[in-house]
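All of the numbers you see were taken from the coordinates with simple rules; none came from a lab. The structure displayed is predicted, hence computed values, not measured ones. Please note: Cβ atoms are built from the backbone with ideal geometry, for glycine as well, and neighbour counts cover all protein chains shown.
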Amino acid sequence: MSRDPRDRELGMYRKITRRDFMNGVALVVGASIAPPGYLRAQDKGPDVSGRDPLLEQGITPADPRYDPPAQIGLRGNHAGSFEIAHQLRDGAFWDSAGEPENTGEKYDLVIVGGGISGLAAAYFYRRHAGPHARILILENHDDFGGHAKRNEFQVGKRLLLSNGGTQSIDTPGGYSAVAKGLLRELGVDTRRFFKAYDRKLYSNLGTACFFNRETFGDDRLVTGMGTTPWRDFLAKSPLSEIARRDIERVYTEKRDYLPGLSRHEKWARLAKISYSDFLTKLCHVHPDALPFFQTYPADLFGVGIDAISALTCYFEGDDYGSFTYAGFDGMGLGEMGEEEPYIFHFPDGNASIARLLVRSLIPGSVPGQTMEDVVTAHVDYSRLDVEGTRVRIRLNSTAVRVRHVGPLQSSQEVELAYVRDRKLQTLEAKSCVLACYNMMIPHLCPELPEKQQEALHLGVKVPYLYTHVAIRNWTVFQKLGIHQIVAPAGYHTYVALDFPVSLGEYKFPGDPNEPMVLFMMRSPCVPGIPRRDQYRQGRGELYSTHFSVIERNIRDQLQRMLGPAGFDPARDIAAITVNRWAHGYAYEYESLSDPHVPENQRPCAIGRQRFGRISIANSDAAGRAYTDAAIDQAHRAVQEVLRFA
Ligand SMILES: Cc1cc2nc3c(=O)[nH]c(=O)nc-3n(C[C@H](O)[C@H](O)[C@H](O)COP(=O)(O)OP(=O)(O)OC[C@H]3O[C@@H](n4cnc5c(N)ncnc54)[C@H](O)[C@@H]3O)c2cc1C
C-alpha cells in the first residue's frame, strides 16, 4: 500500500482508528466501540487468509462479542463472503474440494440466501407447512439480511444507526397484497413514519453541486441547486459559458424537441435514445454541458446518462427531491401522478424488516414485540443456529451445489453441499429455495436446462459503494445551508446527511452539534460501453480496490468540498464504513439496452422456472431491485414448493 504526502492532513493515520489488514482489506475500528479482545487481535498485523474478520479472530456467532452491524471498515460483500463462490465460478473449486462430510441433517426446506427474500420464504413456508416444519437458511455473509444490512457507530456516548444497503420501503402503497400483508403481520405500520420522519429538519437546507478540478477545471461547491434560478446558480460554477447557457436554456425554455409527433410516438422515440443523445441531438446542448448531467441516473441505475433512455429519465422525474431532468417540460409527455413521499425509512433501513422476520422465525433471537423496539434491539446471534430448533439460520456458509437425490422425476429430496469454516459438508432436504443471486444459480445447479442457465447469467447485478462516515458534528452543513451535495464527477457522486428518523428509543441527531452519519454513494460505472459490461467492470473495480484507497478518496473529497467552510477530515471524521455491494441491485430491464418482450419471456421469468424440487426466489427473479419484489418472489417460490411437495 502506498502512502500519499497528504495522508497526515487527511487524517489517514490518526490514532483514533486501528487498522487490520486482511487479504488486502483494511478493517478500521473506532477505539470506543471495539471489545478489548478485538483490538488485541487486530494488533497481530497483516493476514492474507481471505476470511471474515470476526471469524479470523475466533469470534463465532456463538460468542457474545459477535456483532456484525458494529463492525466498521469494509462491509457489504466483505472478505470471507465471496471467495468460495468465485472459485466455483472459475471452475477451480471442486478440484481441490475433497470429499464432503455428510452431516446427517435433514430438513423440510433448505433456503440458500438469508436476504429478505430467503427470510420471507422461510416465513411463508412455515405459515403453510406449520410450526413443526424444519427449515434451514444458509447465508454466506457474517450477518443475515442480504442487502438489508445495518451499520452501527458509537461516537462518544451517541449510538448512530444507518442502512448498510437497502434504504427504505419505497412506495409501500404500490406493494402487492402479499408484501403488504407480510409487513402488517410483522407489525410494520407505514403510517407511523409520518411522525417518525422529521420532514422539517432539513426544510431550510438545500442542495449543493461540487464541481471538481479534474473534470471542471476548478474545485467549487455551489449551493442553491434547484432552488435558485439556474442562471444565478450556474454563474457561480466553473462551467464554460456555452455549457452554462445551454443548461439554463434546456431547463427553462419549455420547448417541444419532437414537434409533430403524438405522445406515444414521442415515448417510442425517447425510449430508444439515451438521455445524453437526447440532450445533444434533440435539444442541441453543447457536449461541454454533459459532465454536469452525467451521473443523474446513477442512484437508481448505477450508470450515467449514456446508458439510460431519455424516456426512463422522464419517468424518474425528480432526482434527489430538489431538481428534475432537464428538457421535458415543453414536450407534452403527459402528467406524472402524485408520488408517495420517500419517508418510509427505519433508522437502519430495511434491515429492520430483516430483523423483524428473524424475530418471528426464531423466538428469542431479537428481543421485543414492536416495529419501534426492533430498532435498538440487540440480536442474540447465538440463537440463530441451534440444534433442535425448527428454523435455523447458518451464517458464513456458502452453498456450492444442490442436486436431486436419484432421478429428477421421482426424486424425493435434494442434497445440498456448502462450505463453512473451510469445511465442505452436505445435508438433505425435501425441497430447496434458491434465494441467492441469479448468476450464482447455474454454478450451484449445473443440471439446469441450458436456456435457463443462459437467462440466469443475464441477471448482472449493479455494483455500488454505500459509504457511511460518522462525523463529530454537522455544523458545516448548517453553515452552508445544505443537507446534500451532488458531485457529478466525484469519486462518490452523492453525499447527504442521514435520514432524519426517530423511532422507539432511537433519537436522530437533530442538533448540528451532535455526531451524524453522512451517506456517500459511488457507482463505479465505465461510461461508453454496454450497461451490463459497465456493471461487470465496476464490480471488478470494487473487488480490486484496497480499503485505504477508498478511505483516502473519502477524506480527500470531503476536504475539498467542505474544507473551505471549516470541515477538517482529520479532526471531524470519527469512523468510516464502506458497504461494498459488488453484487448490488437486481438487473432491471430498460428500453435502451433491452429488447421489449412480454413479461413472461424476460430472462428473469425464464430463469426462475422451478426445477424439480428446487425453486428460485430473490429480487433478481423479478428483474426489480426492491424489497416488495424480494417478498413476492419468495411467496411465488414457496407456492411452487408446496404445490410440488
Ligand atoms: C445499496 C442498495 C440499496 C438498496 N435500496 C433499496 C431501497 O431503498 N428500497 C428497496 O425496496 N430496495 C432496495 N434495494 C434492493 C434490495 O436488493 C432489495 O430490496 C432486497 O433487499 C433484496 O433481497 P433479496 O433477498 O432478494 O436479495 P439479497 O439481499 O441480495 O439476498 C440474497 C442473499 O443470498 C446470499 N447468497 C448468494 N449466493 C449464496 C450462496 N451460494 N450461499 C449462501 N448465500 C448466498 C447473498 O450473499 C445475499 O446475502 C437496495 C439494494 C442495494 C444493493
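If you take the C-alpha gyration tensor of the stretch 533-628, multiply each eigenvalue by 5 and take the square root, what semi-axes do you get, largest first, in whole Å?
So the equivalent ellipsoid measures 40, 16, 13 Å along its semi-axes.
Determine ³J(HN,Hα), in whole Hz, for all residues of the stretch 139-153 in sequence, where each value follows from phi through the Karplus function 6.51 cos²θ - 1.76 cosθ + 1.60 and θ = phi - 60°; x replaces Gly and Pro.
Karplus values, whole Hz, x for Gly and Pro: 9, 7, 8, 7, 9, 8, x, x, 5, 7, 9, 10, 10, 10, 10.
Rg/Rh for the chain: what does it come to with C-alpha atoms and Rh from Kirkwood?
Over the Cα atoms of the chain, Rg/Rh equals 0.96.
What number do you get for the stretch 525-573 when its Cα radius of gyration is normalised by 2.2 N^0.38 Å, N = residues?
For the stretch 525-573, the normalised Cα radius of gyration comes out at 1.55.
Whole Å is fine, so just give me how far the alpha carbon centre of the stretch 449-464 lies from that of the stretch 405-445.
18
Quick check on the stretch 49-178: take the gyration tensor over C-alpha atoms, sort the square-rooted eigenvalues as a ≥ b ≥ c, and tell me if it's rounded (a/c under 1.5), prolate or oblate.
oblate
Going by amide H atoms built from the backbone, whose H comes under 5 Å of the H on Ile111, apart from near neighbours?
Leu136, Ile137, Leu138, Val433
Taking amide hydrogens as modeled 1.01 Å from N in the peptide plane, which residues meet the under 5 Å criterion relative to Asn579, leaving out close sequence neighbours?
Residues meeting the amide H criterion: Arg75, Tyr466, Thr467, His468.
Using per-residue counts of other Cβ atoms within 10 Å, averaged over each peptide, order 396-403, 60-67 from highest down.
396-403, 60-67
Would you list Trp581, Trp94, Trp230 from fewest to most Cβ contacts within 10 Å?
Details: Trp581 25, Trp94 13, Trp230 19.
By the 10 Å Cβ count, ascending, the order reads Trp94, Trp230, Trp581.
Using Cβ counts within 10 Å as a stand-in for footprinting exposure, how do Phe477, Phe293, Phe194 rank, fewest first?
The fewest-first ordering by Cβ neighbours comes to Phe194, Phe293, Phe477.
Label points 7 Å out from Cα along the Cβ direction at Phe644 and Asp277: separation in nm?
The modelled label-to-label distance comes out at 4.2 nm.
By the scheme Lys and Arg +1, Asp and Glu -1, what is the net charge of all other residues having a beta-carbon under 15 Å from that of Leu234?
Residues close to Leu234 contribute a combined charge of -1.
Grab the DSSP H runs of the chain that are 4 residues or longer, score each as -39,500 (n - 2.57), total them, divide by all residues and round the 222 nm result to the nearest 500 deg cm²/dmol.
-7500 deg cm²/dmol
Leaving out same-chain residues fewer than 8 places away, which lysines sit with a Cα under 29 Å from that of Lys281?
Partners within reach: Lys236, Lys254, Lys266, Lys272.
Using the Karplus curve 6.51 cos²θ - 1.76 cosθ + 1.60 with θ = phi - 60°, what ³J(HN,Hα) values do you get for each residue of the stretch 611-620, in whole Hz, with x for Gly and Pro?
With the stated coefficients, the stretch 611-620 comes to 10, x, 8, 10, 10, 10, 10, 5, 5, 4 Hz.
Rounding to the nearest 20 debye, state how big the charge dipole of the stretch 373-464 is about its Cα centre with +1 on each Lys and Arg Cβ and -1 on each Asp and Glu Cβ.
120
Let a ≥ b ≥ c be the square roots of the eigenvalues of the Cα gyration tensor of the stretch 82-142; is it rounded (a/c under 1.5), or, if not, prolate (a/b larger than b/c) or oblate?
Values: a/c = 3.79, a/b = 1.79, b/c = 2.12.
Oblate, because a/c is 1.5 or more while a/b does not exceed b/c.
Below 19 Å, Cα to Cα, which aspartates and glutamates can Lys180 reach? Residues fewer than 8 away in the same chain don't count.
Here the aspartates and glutamates satisfying the reach criterion relative to Lys180 are Asp170, Asp189, Glu339, Glu340, Glu372, Asp628, Asp632.
Applying the Karplus parametrisation 6.51 cos²θ - 1.76 cosθ + 1.60 with θ = phi - 60° to the phi angles of the stretch 5-10, what ³J(HN,Hα) value in whole Hz is obtained for each residue in order, glycine and proline being reported as x?
x, 8, 4, 5, 4, 7
Residue farthest toward the positive end of the dipole of the stretch 491-645, with Cβ of Lys/Arg at +1 and Asp/Glu at -1: which of Ala570, Leu503, His635?
The Cα lying farthest towards the positive end belongs to His635.
Expressed in nm to one decimal, what extension gain is obtained for the pair Thr228 and Gln369 from 0.36 nm per residue of sequence separation less their Cα-Cα distance?
Full extension of this stretch gives 46.1 nm more.
On the principal axes of its Cα set, how long, how wide and how thick is the stretch 120-181? Give whole Å, largest value first.
Computed over the Cα atoms, the extents are 47, 31, 21 Å.
Mind listing which GluC sites (Glu not before Pro) in the stretch 500-577 are in a DSSP loop and have 16 or fewer other Cβ atoms within 10 Å?
Those satisfying the criteria are Glu505.
Please report the equivalent ellipsoid semi-axes of the stretch 496-557, computed as sqrt(5 x eigenvalue) of the Cα gyration tensor, largest first, in whole Å. Walk me through the intermediate numbers first.
On the way: eigenvalues 218, 47, 21 Å².
Taking √(5λ) for each eigenvalue gives 33, 15, 10 Å, largest first.
Please report the equivalent ellipsoid semi-axes of the stretch 427-514, computed as sqrt(5 x eigenvalue) of the Cα gyration tensor, largest first, in whole Å.
Details: eigenvalues 400, 80, 15 Å².
Equivalent ellipsoid semi-axes, largest first: 45, 20, 9 Å.
Lys and Arg at +1, Asp and Glu at -1: add these up for the other residues within a Cβ distance under 13 Å of Lys272 and post the number.
-1
Pairs Lys106/Lys423; Lys149/Lys430; Lys106/Lys430: which exceed 20 Å Cα-Cα?
Lys149/Lys430
Please compute the Kirkwood hydrodynamic radius of the stretch 146-211 from all pairs of different C-alpha atoms, in Å with one decimal.
In the stretch 146-211 this quantity evaluates to 15.1 Å.
Which residues' amide hydrogens lie under 5 Å from the amide hydrogen of Tyr585, considering only partners 5 or more residues apart or on another chain, with H built in the peptide plane?
So Tyr585 has HN proximity to Val462.
Please work out the Cα center distance from the stretch 338-374 to the stretch 584-645, rounded to the nearest Å.
Here the answer is 24 Å between Cα centres.
Got a sec? Charge dipole of the chain, +1 on Cβ for Lys and Arg, -1 for Asp and Glu; which of Ile59, Ile614, Leu138 is way out at the positive end?
Projecting each Cα onto the dipole axis, the largest value belongs to Ile59.
Label Ala489 and Arg536 with points 7 Å out from Cα along Cα→Cβ: what is the distance between them in nm?
My value for the distance between the label points is 2.9 nm.
Just to be sure I understand the model, the point goes 7 Å from the Cα along the line to the Cβ. What's the resulting Gln478 to Asp95 distance in nm?
Distance between label points: 6.1 nm.
Calculate, in whole percent, how much of the Cα-Cα pair population of the stretch 373-498 lies beyond 26 Å.
53
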